[in-house]
Amino acid sequence: QVQLVESGGGLVQPGGSLRLSCSASGSFGSIASMGWHRQAPGNQRELVARMTRGGTENYADSVKGRFTISGDNAKNTVYLQMNSLKPEDTAVYYCNAGYWVLGAVRFNEAWGQGTQVTVSS
């Protein structure tokens, strides 16, 4: 039972920047990884960036060098700094967390409600 609270989406011009935030709360054993996916109209949801508790990072090729994921383990919070934004980045961005279920050796996954990012002039 993990709830993810997101913030930071909005409208920005091409070349601009946004920072997304996501915090996990509820009853769980521990967070194993947190990250971001996005889905544009007519497209499949795709991985943008993910970070494990140990600090390993993965990025989609389309955002490497422009987006940076970071986190605060003590706060169970993950951030996505998005720079040099392009119209192609327009999508609903979803926070994702993989976690161990409280009181059991079972793994589960949670998703945020999504936040709209629109890049347009």
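Here are some notes:
- Nonlocal amide H pairs with L85, under 5 Å, H built at 1.01 Å: G15, G16
- Values of log10 I(q)/I(0), in the order q = 0.17, 0.22, 0.26 Å⁻¹, for region 25-94 under a Debye, Cα-only, solvent-free model: -0.65, -0.98, -1.22
- Tail beyond 17 Å, pair distance distribution of region 1-58 (Cα, percent): 56
- Taking the 1.4 Å solvent-accessible surface of region 5-100 as the whole, the part contributed by carbon and sulfur is 46%.
- Solvent-free Debye scattering, log10 I(q)/I(0), computed from the Cα coordinates of the chain at q = 0.09 Å⁻¹: -0.24
- Entry comment: accessible area of the chain is 53 Å² per residue, from protein heavy atoms only and a probe of 1.4 Å.
- The relative contact order of the chain comes to 36 percent, based on Cα pairs under 8 Å that sit 6 or more residues apart.
- Loop-exposed trypsin sites (Lys or Arg not before Pro) per DSSP, neighbour cap 13 Cβ within 10 angstrom, longest uninterrupted part of the chain: 1-63
The values are calculated or read from the model by the stated rules, or taken from the named source; none is laboratory data. Predicted, not measured: the structure shown is a model, and the values here were computed from it. Cβ: placed from backbone, ideal geometry, glycine included. Neighbour counts: every protein chain shown. We work out accessible area using only protein heavy atoms, side chains counted, and drop any ligands, DNA or RNA first. Shrake-Rupley method; radii C 1.70, N 1.55, O 1.52, S 1.80 Å.
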